[in-house]
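What follows is a set of notes on a single structure, which appears directly below.
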Amino acid sequence: MKNSEVAEKLMEIAHLLEIKGENPFKIRSYEKAANSILSLPKEIKEFVKEDKLKSISGIGASISQKIKELLETGKIQYLENLKKEIPQGLLEMLNIPGMGPKKIKAVYTKFGIKDIRGLEIAARRGDLAELDGFGEKTAQNILRGIELLTRQSGRMLSVTAKKIAEDFVEFLRKEKTCKKIEVCGSLRRACETIGDIDILAVSSKPQEFMERFIKKDGIKKVIAKGETKSSVLTEDEAQVDLRVVEEKSFGAAVMYFTGSKKHNIHLREIAVKKGFTLNEYGLFKKTKKGTGSFLAGKTEEEIYKKLKMQYIPPEIREDTGEIELALQRKLPELVERKDIKGDTHIHSTYSDGNARIPEIAQKAKSLGYEWVGICDHSRSLKVARGLSIEELLKKKKEIENFNKKSDVKVLFGAEVDILPDGTLDYPDEILRQLDICIIAVHTAFNQPEDVLNKRILMAMENPYVHILAHPSCRLIGKREPLSIDYEKIIKKAKERGVILEVNVFPDRLDLKDIYIKFAIQNGVLISMGTDAHALYQMDNIDYGIKYIRRGWVKKSDIINTMTYDEVKKFLKGRNR
Ligand code: DGT
Ligand code: CA
Ligand code: CA
């Protein structure tokens, strides 16, 4: 075992003692021992052999015993016991860059935050600023740290990639020589996570343009620099590729670099069958003399047209049937941002949101909505300040009064917990009063698969339920999806008229695109909820709509496109 590994274990003990609030003296002794070990000139096992451990500064009888135990058995029982005493979630927080034991202890004692998810929500809500030593900046750093942690898989959340891409596009567009610019790749297809960001541009001075790109602020490393392609790594660990192409090939290049690869391959086969070739430079008619004559390439539209197909929206370019339908001119007309008249899932200050009802309604108005469903947590979800029945009825009163004078209407809602036994967290006589009743699992995720399935299916039987929210409960990069049987849930949704939510909170994106498509094919309706806990999060609708299009959602498949009168009547009619 290396010295650094031994030191790491001692440091871990120090951290855990600090989280526990043990006496500082004891904590310091472990830190000091760890530091001494790190600066030893030779391996620590030599000291053990020579029985000279205690000659090392900071190492007394107790610590030397633990080091021997570690070298002999590979672990320290004392450390293992400490780990058992402290909630697992707190230990995981130690992995967040910038989150030390002091801070973990502070958030745990002050807010009862026990895991990374809780910390993230508190940071987004702005709660952390209340703590000593925590400012707005710390909260931002924590969010960034969490994001980096979840990116260990190498992929970023699409909301993060979108922000970085927009920043680059804004910067590059300002260049006088920039004639066209477009973000391509998985981000344009609105995939749930993004590997790297692909930007395509046309410039009157490509070399100068490339120079500007690699010198932008916030770049940590230039990975490659060429005349037509360069790649950089940003300080946020995101790779951004820029390609500069000729204007007459711009559409062909955008098409090529938008992907998906499978879609491209299939399109090329179709081109070949028609006697063409298709590549990133354009669509060419094959000629005997080799290169072929140029048919199209400036825009994607003209290429699809020459191939005698409908234009295929980027979000569905996955080669899952879209090409065949485009050839028959039978592509579904996908829902668009302008069709959206309301958001079904928003939290207010009644539970763990940070905005009040009038503020939410005003924000909804600015987004062009007619209505908004305010669904706060139910009573047993204490960590999220779930509402007692009394508070819920108070909220009902406020909404009734508010709606009298507001043009944007609020649906009186709740996000009701599906309890571990499959019953719901409010009695029926309360549930039936809700305009919009969303149910969701928030606890006991680790029940066996069959118990979980039964639990959800049972909850869907309740006659007052409208929507099953974030069915898989996955948190991208943080929590695996529940092992549930989607087929059964979709069948039950159809049978009971339950709507399935697509939760477009950045790390949820739940349902997944394939299940959205499957649900719709089975005649189940969809609702889109931002699950906003702060006003700015309601803007997530903008990529939410793109994500949902990946599931081939039409305007008529989703209740967010209904007017207020329609949605109110529709939901009322669902109470059976
Ligand atoms: P990512 O970055 O992993 O989230 O996914 P993409 O789809 O952005 O993939 P990326 O960045 O490797 O490449 C961008 C696009 O370029 C990809 O969607 C399709 C196209 N592309 C890349 N390599 C190939 C290839 O070998 N053949 C074809 N037909 N297209 C390719
Ligand atoms: Ca990419
Ligand atoms: Ca790329």
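The values are calculated or read from the model by the stated rules, or taken from the named source; none is laboratory data. The structure presented is a predicted model; accordingly, all values stated were derived computationally and were not measured. Backbone-built Cβ (ideal geometry, glycine too); neighbour counts: all protein chains shown. Please note that ligands, DNA and RNA were not included when accessible areas were found on the heavy atoms of the full protein model with its side chains. Shrake-Rupley method; radii C 1.70, N 1.55, O 1.52, S 1.80 Å.
Taking the Cα atoms of the stretch 493-545, the ratio Rg/Rh between the radius of gyration and the Kirkwood radius comes to 1.03. Note on the stretch 211-361: Rg/Rh from C-alpha atoms, Kirkwood Rh, equals 1.14. Would you mind pulling out the separation of the Cα centroids of the stretch 486-550 and the stretch 202-262, in Å? Each part reduced to its Cα centre gives a spacing of 34 Å. Cα-based radius of gyration for the stretch 63-102, normalised by 2.2 N^0.38 Å, reads 1.41. Using the rule -39500 (n - 2.57) for each DSSP H run of four or more residues, divided by the residues of the chain, the 222 nm mean residue ellipticity is -13000 deg cm²/dmol. As an exercise, take the mean of 1/r over every pair of distinct alpha carbons in the chain, invert it, and state the Kirkwood radius in angstroms. Evaluated over the chain, this radius sits at 27.1 Å. Multiplying the residue separation of Ile265 and Leu325 by 0.36 nm and removing their Cα-Cα distance gives an extension gain of 20.0 nm. Taking a point 7 Å from the Cα of Glu301 along the Cα-to-Cβ direction, none of the residues of the stretch 242-273 has its backbone N closer than 11 Å to it. Of all DSSP beta bridges confined to the stretch 337-574, the antiparallel ones make up roughly 10%. Heavy-atom accessible surface of the stretch 337-574, averaged per residue, reaches 39 Å², computed with a 1.4 Å probe.
Mind checking the log10 I(q)/I(0) for the stretch 337-574 at q = 0.12, 0.17 Å⁻¹? Debye, one equal scatterer per Cα, no solvent, two decimals. Relative scattering, expressed as log10 I(q)/I(0), comes to -0.59, -1.30.
The stretch 177-230: which trypsin sites (Lys or Arg not before Pro) are DSSP loop and have at most 10 other beta-carbon atoms within 10 angstrom? Passing both the DSSP loop test and the Cβ count: Lys215. Here is the tail figure for the stretch 249-327: Cα pairs spaced more than 22 Å apart come to 14 percent of all pairs.
Counting only protein heavy atoms and a 1.4 Å probe, the stretch 156-244 has 46 square angstrom of accessible area per residue. Computed extension length for Lys394-Ser55: 115.2 nm, one decimal, from 0.36 nm per residue of separation with the Cα-Cα distance subtracted. Average accessible surface for the stretch 3-152: 52 Å² per residue, computed with a 1.4 Å probe over protein heavy atoms with every protein chain in place. By accessible area, using a 1.4 Å probe on protein heavy atoms only, the chain has 50% of its surface on carbon and sulfur. Stokes-Einstein diffusion of the stretch 156-244 at 25 °C, 0.890 mPa s viscosity, Kirkwood radius from Cα pairs, rounded to a whole number: 192 µm²/s.
Shown here for the stretch 312-359: GluC sites (Glu not before Pro) in loop regions (DSSP other than H, G, I, E, B) with at most 15 other Cβ atoms within 10 Å, namely Glu333, Glu336. The Cα center of the stretch 1-55 and the Cα center of the stretch 109-159 differ in position by 30 Å. Annotation note: trypsin sites (Lys or Arg not before Pro) in the stretch 247-293 located in DSSP loop regions with a Cβ neighbour count of at most 12 within 10 Å are Lys288, Lys289.
Restricting the calculation to Cα atoms, every distinct pair contributes to the Kirkwood radius of the stretch 179-228, found to be 12.4 Å. Using only alpha-carbon positions in the stretch 329-379, the gyration tensor eigenvalues give semi-axes of 29, 14, 6 Å once each is multiplied by 5 and square-rooted (largest first). Can you give the Rg/Rh ratio of the stretch 3-152, where Rg is from the C-alpha atoms and Rh is the Kirkwood radius? That ratio equals 1.05.
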